[in-house]
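Novice: Sharing a structure here in C-alpha coordinates format.
The values are calculated or read from the model by the stated rules, or taken from the named source; none is laboratory data. Nothing here was measured: the structure is a model prediction, and the numbers come from that model. Positions of Cβ are generated from backbone atoms using ideal geometry, with glycine treated the same way; all protein chains shown enter the neighbour counts.
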Amino acid sequence: MDMLIYTILFVFGSIMGSFLNVLAVRLSNNESILWPRSHCCNCEHKLRWYELIPIVSYVIQRGKSRCCHTKIPISYLIIEIITGILYMVSYHSFGFSYDFVISLIFISSLIVIIVSDIEYMIILDEIIAVSCIAIIILELIFFGLDYTVGKIVSGILAFVTMYVVKLIGDKMFKRESMGGGDIKLMFLFGIVIGYYLSVCDIFLATFIAFPIAIYLLFSRRDNLIPFGPFLAMGAILIHISKIDINTIINFIIR
(Lines give C-alpha, C1' and ligand atoms only; values in the text may rest on other atoms or scores of the structure.)
Protein backbone atom coordinates (compact mmCIF):
# COMPACT_ATOMS: atom_id res chain seq x y z
CA MET A 1 0.00 0.00 0.00
CA ASP A 2 2.80 2.41 0.92
CA MET A 3 4.56 1.70 -2.37
CA LEU A 4 1.37 2.60 -4.25
CA ILE A 5 1.04 5.85 -2.29
CA TYR A 6 4.68 6.77 -2.93
CA THR A 7 4.26 6.02 -6.65
CA ILE A 8 1.12 8.15 -6.90
CA LEU A 9 2.83 11.01 -5.05
CA PHE A 10 5.90 10.81 -7.29
CA VAL A 11 3.75 10.93 -10.43
CA PHE A 12 1.65 13.76 -9.02
CA GLY A 13 4.79 15.58 -7.91
CA SER A 14 6.42 15.28 -11.32
CA ILE A 15 3.27 16.67 -12.96
CA MET A 16 3.27 19.54 -10.48
CA GLY A 17 7.00 20.05 -11.10
CA SER A 18 6.29 20.54 -14.80
CA PHE A 19 3.53 23.03 -14.00
CA LEU A 20 5.62 24.88 -11.41
CA ASN A 21 8.48 25.25 -13.88
CA VAL A 22 6.13 26.79 -16.45
CA LEU A 23 4.64 28.99 -13.72
CA ALA A 24 8.08 30.30 -12.78
CA VAL A 25 9.06 31.03 -16.38
CA ARG A 26 5.81 32.73 -17.36
CA LEU A 27 5.41 34.85 -14.24
CA SER A 28 9.04 35.93 -14.44
CA ASN A 29 8.42 37.13 -17.99
CA ASN A 30 5.06 38.76 -17.16
CA GLU A 31 3.21 36.23 -19.31
CA SER A 32 -0.19 34.70 -18.75
CA ILE A 33 -0.18 31.28 -17.09
CA LEU A 34 -3.33 30.32 -19.01
CA TRP A 35 -2.60 31.50 -22.55
CA PRO A 36 -1.09 30.59 -24.93
CA ARG A 37 -1.08 26.84 -24.43
CA SER A 38 2.24 25.03 -24.06
CA HIS A 39 4.42 25.43 -27.13
CA CYS A 40 7.95 25.02 -28.41
CA CYS A 41 9.97 28.07 -27.42
CA ASN A 42 11.88 27.92 -30.70
CA CYS A 43 9.29 27.36 -33.44
CA GLU A 44 6.03 28.07 -31.54
CA HIS A 45 4.67 24.60 -32.35
CA LYS A 46 1.71 23.81 -30.06
CA LEU A 47 2.70 20.81 -27.97
CA ARG A 48 0.37 17.82 -27.87
CA TRP A 49 -0.49 15.86 -24.74
CA TYR A 50 2.04 13.10 -25.44
CA GLU A 51 4.80 15.71 -25.68
CA LEU A 52 3.97 17.00 -22.20
CA ILE A 53 4.20 13.84 -20.11
CA PRO A 54 6.62 14.69 -17.29
CA ILE A 55 9.95 12.82 -17.38
CA VAL A 56 8.67 10.26 -19.95
CA SER A 57 8.40 12.72 -22.86
CA TYR A 58 11.88 14.10 -22.15
CA VAL A 59 13.43 10.63 -22.08
CA ILE A 60 11.59 9.36 -25.18
CA GLN A 61 12.44 12.51 -27.14
CA ARG A 62 16.05 12.32 -25.90
CA GLY A 63 15.93 15.85 -24.57
CA LYS A 64 14.90 17.42 -27.88
CA SER A 65 11.62 18.80 -29.21
CA ARG A 66 9.86 16.64 -31.80
CA CYS A 67 9.02 19.59 -34.07
CA CYS A 68 12.40 21.26 -34.67
CA HIS A 69 14.79 19.11 -32.61
CA THR A 70 15.72 22.03 -30.38
CA LYS A 71 17.41 20.92 -27.18
CA ILE A 72 15.07 21.02 -24.18
CA PRO A 73 16.79 22.39 -21.05
CA ILE A 74 17.62 19.52 -18.70
CA SER A 75 16.42 21.74 -15.85
CA TYR A 76 12.85 20.75 -16.83
CA LEU A 77 13.63 17.10 -16.19
CA ILE A 78 15.50 17.84 -12.97
CA ILE A 79 12.66 19.93 -11.52
CA GLU A 80 10.09 17.24 -12.37
CA ILE A 81 12.16 14.51 -10.68
CA ILE A 82 13.05 16.60 -7.62
CA THR A 83 9.47 17.73 -7.07
CA GLY A 84 8.25 14.13 -7.28
CA ILE A 85 10.88 13.04 -4.75
CA LEU A 86 10.10 15.92 -2.38
CA TYR A 87 6.39 15.09 -2.41
CA MET A 88 7.23 11.50 -1.44
CA VAL A 89 9.62 12.60 1.30
CA SER A 90 7.02 15.04 2.62
CA TYR A 91 4.53 12.19 2.95
CA HIS A 92 7.19 10.06 4.65
CA SER A 93 7.78 12.85 7.18
CA PHE A 94 4.20 13.94 7.86
CA GLY A 95 1.91 11.18 6.60
CA PHE A 96 -1.60 12.14 5.55
CA SER A 97 -2.03 15.04 7.95
CA TYR A 98 -2.70 18.76 8.12
CA ASP A 99 1.06 19.33 8.15
CA PHE A 100 1.34 17.38 4.90
CA VAL A 101 -1.08 19.74 3.14
CA ILE A 102 0.89 22.78 4.33
CA SER A 103 4.13 21.02 3.38
CA LEU A 104 3.04 20.54 -0.24
CA ILE A 105 2.16 24.23 -0.54
CA PHE A 106 5.46 25.24 1.07
CA ILE A 107 7.58 22.97 -1.13
CA SER A 108 5.72 23.93 -4.31
CA SER A 109 6.13 27.65 -3.71
CA LEU A 110 9.85 27.22 -3.04
CA ILE A 111 10.30 25.20 -6.24
CA VAL A 112 8.89 28.15 -8.20
CA ILE A 113 11.14 30.57 -6.30
CA ILE A 114 14.26 28.46 -6.88
CA VAL A 115 13.60 28.30 -10.65
CA SER A 116 12.75 32.00 -11.03
CA ASP A 117 15.71 33.18 -8.96
CA ILE A 118 18.24 30.95 -10.72
CA GLU A 119 16.96 31.70 -14.23
CA TYR A 120 15.90 35.33 -13.91
CA MET A 121 17.28 36.62 -10.56
CA ILE A 122 13.67 37.24 -9.48
CA ILE A 123 11.84 36.13 -6.35
CA LEU A 124 8.21 36.45 -7.31
CA ASP A 125 6.21 38.52 -4.81
CA GLU A 126 2.93 36.95 -5.95
CA ILE A 127 4.16 33.45 -5.13
CA ILE A 128 5.25 34.52 -1.64
CA ALA A 129 1.99 36.39 -1.04
CA VAL A 130 -0.33 33.62 -2.27
CA SER A 131 1.52 30.85 -0.41
CA CYS A 132 1.67 32.88 2.82
CA ILE A 133 -2.05 33.67 2.69
CA ALA A 134 -2.95 30.05 1.91
CA ILE A 135 -0.74 28.67 4.70
CA ILE A 136 -2.01 31.18 7.28
CA ILE A 137 -5.63 30.35 6.42
CA LEU A 138 -4.92 26.61 6.68
CA GLU A 139 -3.06 27.03 9.98
CA LEU A 140 -6.00 29.01 11.32
CA ILE A 141 -8.44 26.28 10.25
CA PHE A 142 -6.30 23.33 11.32
CA PHE A 143 -4.58 24.57 14.47
CA GLY A 144 -6.52 27.56 15.77
CA LEU A 145 -5.97 31.26 16.40
CA ASP A 146 -3.26 31.13 19.08
CA TYR A 147 -1.04 28.85 17.00
CA THR A 148 -1.53 30.96 13.88
CA VAL A 149 -0.77 34.24 15.67
CA GLY A 150 2.42 32.70 17.02
CA LYS A 151 3.47 31.67 13.51
CA ILE A 152 2.72 35.14 12.14
CA VAL A 153 4.87 36.68 14.88
CA SER A 154 7.64 34.23 13.96
CA GLY A 155 7.33 35.34 10.33
CA ILE A 156 7.58 39.01 11.26
CA LEU A 157 10.63 38.38 13.47
CA ALA A 158 12.32 36.38 10.71
CA PHE A 159 11.60 39.19 8.24
CA VAL A 160 13.05 41.83 10.59
CA THR A 161 16.12 39.70 11.35
CA MET A 162 16.88 39.27 7.66
CA TYR A 163 16.39 42.99 7.08
CA VAL A 164 18.96 43.73 9.80
CA VAL A 165 21.35 41.23 8.17
CA LYS A 166 20.89 43.08 4.88
CA LEU A 167 21.66 46.45 6.49
CA ILE A 168 24.84 45.05 8.03
CA GLY A 169 25.84 43.48 4.69
CA ASP A 170 25.19 46.72 2.80
CA LYS A 171 27.41 48.61 5.21
CA MET A 172 30.20 46.02 5.08
CA PHE A 173 30.31 45.62 1.30
CA LYS A 174 29.40 49.24 0.44
CA ARG A 175 26.72 47.97 -1.94
CA GLU A 176 23.38 46.19 -1.91
CA SER A 177 24.17 42.82 -0.39
CA MET A 178 20.76 41.21 -0.65
CA GLY A 179 17.56 41.62 -2.64
CA GLY A 180 14.21 42.45 -1.15
CA GLY A 181 12.87 39.07 -2.21
CA ASP A 182 15.24 37.26 0.16
CA ILE A 183 13.90 39.33 3.04
CA LYS A 184 10.25 38.69 2.15
CA LEU A 185 11.03 34.99 1.81
CA MET A 186 11.92 34.88 5.50
CA PHE A 187 8.33 35.70 6.46
CA LEU A 188 7.21 32.55 4.61
CA PHE A 189 9.86 30.52 6.44
CA GLY A 190 8.79 31.96 9.78
CA ILE A 191 5.15 30.91 9.44
CA VAL A 192 6.14 27.36 8.47
CA ILE A 193 9.35 26.38 10.30
CA GLY A 194 9.32 29.06 13.00
CA TYR A 195 11.63 31.93 13.88
CA TYR A 196 14.61 30.09 15.35
CA LEU A 197 14.84 27.55 12.54
CA SER A 198 14.49 30.38 10.02
CA VAL A 199 17.57 32.01 11.55
CA CYS A 200 19.37 28.65 11.42
CA ASP A 201 18.44 28.48 7.76
CA ILE A 202 20.42 31.67 7.05
CA PHE A 203 23.56 29.93 8.29
CA LEU A 204 22.71 26.68 6.52
CA ALA A 205 22.08 28.52 3.23
CA THR A 206 25.39 30.34 3.60
CA PHE A 207 27.15 27.02 4.18
CA ILE A 208 25.51 25.49 1.08
CA ALA A 209 26.16 28.58 -1.04
CA PHE A 210 29.81 29.19 -0.12
CA PRO A 211 31.57 26.54 -2.29
CA ILE A 212 29.16 27.18 -5.18
CA ALA A 213 29.70 30.94 -4.90
CA ILE A 214 33.48 30.50 -4.97
CA TYR A 215 33.21 28.36 -8.10
CA LEU A 216 30.88 30.79 -9.88
CA LEU A 217 32.99 33.81 -9.00
CA PHE A 218 36.03 32.23 -10.61
CA SER A 219 34.22 30.75 -13.60
CA ARG A 220 32.31 33.75 -14.96
CA ARG A 221 32.69 37.50 -15.19
CA ASP A 222 29.73 38.74 -13.20
CA ASN A 223 29.49 38.24 -9.47
CA LEU A 224 25.72 38.26 -9.09
CA ILE A 225 24.78 35.12 -7.20
CA PRO A 226 21.15 34.65 -6.11
CA PHE A 227 20.88 33.75 -2.43
CA GLY A 228 17.17 32.85 -2.56
CA PRO A 229 17.66 29.33 -3.96
CA PHE A 230 20.05 28.46 -1.15
CA LEU A 231 17.65 29.83 1.46
CA ALA A 232 14.87 27.79 -0.13
CA MET A 233 16.97 24.61 -0.26
CA GLY A 234 17.96 24.99 3.37
CA ALA A 235 14.36 25.65 4.44
CA ILE A 236 13.14 22.55 2.61
CA LEU A 237 15.82 20.41 4.27
CA ILE A 238 14.93 21.76 7.71
CA HIS A 239 11.22 21.35 7.07
CA ILE A 240 11.16 17.77 5.78
CA SER A 241 13.73 16.57 8.33
CA LYS A 242 11.42 17.80 11.13
CA ILE A 243 14.48 18.87 13.10
CA ASP A 244 13.86 21.14 16.09
CA ILE A 245 15.92 23.95 17.54
CA ASN A 246 16.78 21.99 20.71
CA THR A 247 18.42 19.27 18.62
CA ILE A 248 20.52 21.89 16.83
CA ILE A 249 21.53 23.57 20.10
CA ASN A 250 22.52 20.23 21.66
CA PHE A 251 24.56 19.37 18.55
CA ILE A 252 26.43 22.71 18.74
CA ILE A 253 27.10 22.36 22.47
CA ARG A 254 28.48 18.86 22.08
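Novice: Can you tell me how many residues in the range 43-73 are modelled with pLDDT of 80 or more, closer than 21 Å to residue 111 by Cβ and either of a type in the set (A, V, I, L, M, F, W, C) or assigned to a strand (DSSP E or B) (or both)?
Specialist: 5
Novice: Within the group 159, 106, which residue is of a type outside the set (D, E, K, R) and more than 14 Å from the chain's Cα centre (by Cα)?
Specialist: Numbers: 106 fails: more than 14 Å from the chain's Cα centre (by Cα).
Of the residues listed, the single one that is of a type outside the set (D, E, K, R) and more than 14 Å from the chain's Cα centre (by Cα) is 159.
Novice: Could you tell me whether residue 93 is under 21 Å from the mean Cα position of the chain (by Cα) and at pLDDT below 95? Reasoning before the result, please.
Specialist: Details: under 21 Å from the mean Cα position of the chain (by Cα): yes; at pLDDT below 95: no.
Taking the combined requirement at face value, the residue does not satisfy it.
Novice: Here is a check on your reading of the model: is residue 76 hydroxyl-bearing (Ser, Thr, Tyr), in a helix (DSSP H, G or I) and over 20 Å from residue 3 (Cβ atoms)?
Specialist: On the way: hydroxyl-bearing (Ser, Thr, Tyr): yes; in a helix (DSSP H, G or I): yes; over 20 Å from residue 3 (Cβ atoms): yes.
Considered against the rule, which asks whether it is hydroxyl-bearing (Ser, Thr, Tyr), in a helix (DSSP H, G or I) and over 20 Å from residue 3 (Cβ atoms), residue 76 comes out as yes.
Novice: Using the structure shown, decide if residue 206 is closer than 23 Å to residue 111 by Cα, polar (S, T, N, Q) and assigned to a helix (DSSP H, G or I).
Specialist: Working: closer than 23 Å to residue 111 by Cα: yes; polar (S, T, N, Q): yes; assigned to a helix (DSSP H, G or I): yes.
Against the criterion (closer than 23 Å to residue 111 by Cα, polar (S, T, N, Q) and assigned to a helix (DSSP H, G or I)), residue 206 qualifies.
Novice: Moving on. Surrounded by fewer than 20 Cβ atoms within 10 Å (Cβ to Cβ), assigned to a helix (DSSP H, G or I), among the basic types (Lys, Arg) and at pLDDT below 90, is that true of residue 166?
Specialist: On the way: surrounded by fewer than 20 Cβ atoms within 10 Å (Cβ to Cβ): yes; assigned to a helix (DSSP H, G or I): yes; among the basic types (Lys, Arg): yes; at pLDDT below 90: no.
No.
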